[in-house]
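Asker: Below you'll find the structure I mean.
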Amino acid sequence: MNHTRTDILVGIFVLVGITCLGYLAIRLGKLELFGSQGYVLTADFASVAGLKPGDPVEIAGVKVGRVEAMTLAEDKARLTLRLNDGVKFQEDVIASVRARGLIGDKFVLVSPGASDKIIPPGGKIRETDSQPDIPDLIGKIVGGDLTSKGDKKDDSQKK
Amino acid sequence: MKILLAALFAVVTLTATAHAGLPTDQIKATIDKAQLVLRDPRLKPAAKLAERREQLKQVLSGRFNFAEMAKRSLGPAWSRRTAQEQEEFVRLFTEVLERAYADIIESYIEEKILYMTEKIDGGYADVGSKIVTNKGEEYTISYRAQLVGNEWKVYDVVAENISLVNNYRSQFNRVIAKTSYEELVRRLKDKNEFAGAPKK
């Protein structure tokens with residue numbers, strides 16, 4: 001009798017332990033078991049270098065959603081953003097990819113707009129802003145702007 | 001061979017004309033007109049500066065929707081203002097734009113402007129262009145326009161990936177968050193008076 005009782009207790013303990021581990025794995029892996037909550041918007045960016053699926057979408061530093069998927073659409077990066085249900089984006093919100101600090105984690109910053117129209121679920125954020133590429137700018141300064149200076153000479157010769 | 005070349009030429013010209021749709025045509029027409037004003041020798045003398053800028057403003061205001069730019073730049077604070085305050089803000093914002101960009105636009109008299117891409121999506125369009133300066137430097141500028149009636153009205157200008165509206169929106173919102181809307185208006189007024197004084 002005593003034996004069975006201890007066995008049951010150990011059994012319950014192990015079950016609770018496994019449930020906790022499972023919960024942790026799901027949370028840490030950002031998996032979704034019971035269907036996705038919130039709604040989805042897409043946004044096209046010229047570049048989203050450094051951004052990963054799962055990165056947060058923020059308004060004024062507050063997380064309102066996350067990046068669900070990244071695909072390529074006509075040479076542009078198309079982000080699928082999953083947003084919390086209560087969050088409404090006006091038609092003229094501007095989404096930009098920002099970094100925390102100089103080389104910190106990337107996130108999508110959304111600055112609220114002034115329009116009365118709300119983007120419906122499944123809609124598209126039209127205004128996006130890609131940060132200027134710092135290495136590209138440094139390259140122009142250090143290496144000189146080869147693409148343009150050379151062209152000019154060619155042009156004048158042609159004329 | 002000749003027929004082949006002719007066919008090729010026809011295809012190239014056809015795609016070129018098909019490529020340049022309505023928004024590009026309208027924006028190009030306005031920019032061309034602005035360049036004409038800038039090149040006008042009668043308006044060249046320094047004494048005619050005010051007149052030249054007035055003409056320039058008239059040409060540009062037909063295509064550039066300054067009210068929409070002001071509204072978008074102010075962001076969420078816009079809807080909390082009264083109609084009168086909104087009107088005042090549009091006026092101040094237009095003056096700020098004028099001060100900030102008149103010199104830059106005037107330096108583009110002789111520059112070559114190439115219209116590269118055009119994307120229309122519902123009532124919105126994105127026209128990509130490239131400015132080639134006399135020194136041979138290239139800058140990308142794209143115009144975001146919205147269809148109002150039959151006219152494409154520009155509501156944002158993105159230069160080298162930096163959006164004018166987004167730039168002003170973050171600045172304005174920072175001022176409003178730290179102080180108040182009234183302070184923002186005061187600063188804009190100060191800026192206009194201060195910047196206006198030495199030029200006249």
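Asker: The range B:2-199: Rg/Rh from Cα coordinates, Kirkwood Rh?
Answerer: With Rg and the Kirkwood Rh in hand, the quotient comes to 1.03.
Asker: Put a dot 7 Å past each Cα toward the Cβ at residue B:106 and residue A:116; how far apart are the dots in nm?
Answerer: 4.1 nm
Asker: Greater than 25 Å separation of Cα atoms is the criterion. Which listed pairs, B:135/B:191; B:57/B:112; A:124/B:112; B:33/B:189; A:76/B:112; B:71/B:130, meet it?
Answerer: B:135/B:191; A:124/B:112; B:33/B:189; A:76/B:112; B:71/B:130
Asker: Using a basic spin-label model with each label point 7 Å from the Cα along Cα→Cβ, how many nm lie between residue B:113 and residue B:179?
Answerer: Those two pseudo-labels are separated by 3.5 nm.
Asker: Efficiency by 1/(1 + (r/R0)^6): what FRET value for residue B:191 and residue A:18, r their Cβ-Cβ distance, R0 = 51 Å, to the nearest 0.05?
Answerer: Efficiency computed from Cβ-Cβ geometry: 0.20.
Asker: Can you list the aspartates and glutamates whose alpha carbon sits under 12 Å from that of residue B:44, skipping same-chain ones fewer than 8 residues off?
Answerer: Qualifying aspartates and glutamates at Cα under 12 Å: B:106.
Asker: Would you calculate, for chain B, the mean residue ellipticity at 222 nm contributed by helices, counting each DSSP H stretch of 4 or more residues as -39,500 (n - 2.57) and dividing by all residues, to the nearest 500?
Answerer: The helix contribution divided over chain B gives -19500 deg cm²/dmol.
Asker: Here's something else I'd like to know. With a point put 7 Å past each Cα toward its Cβ, work out how far residue A:27 is from residue A:7 in nm, to one decimal.
Answerer: A separation of 3.3 nm, rounded to one decimal place.
Asker: Evaluate Rg over Rh across the range A:39-130, taking Cα atoms for both radii and Kirkwood's formula for Rh.
Answerer: Using Cα coordinates only, the ratio equals 0.93.
Asker: Mind checking the angle between helix B:22-39 and chain B's longest principal axis? C-alpha axes, 0 to 90 degrees, to the nearest 10.
Answerer: Here the helix axis deviates by roughly 70 degrees.
Bear in mind that the values in this text are calculations on the coordinates, not laboratory data. In this text, all values refer to a predicted model and were calculated from it rather than measured experimentally. All Cβ positions, even for glycine, are placed from backbone atoms using ideal geometry, and neighbour counts span all protein chains on display.
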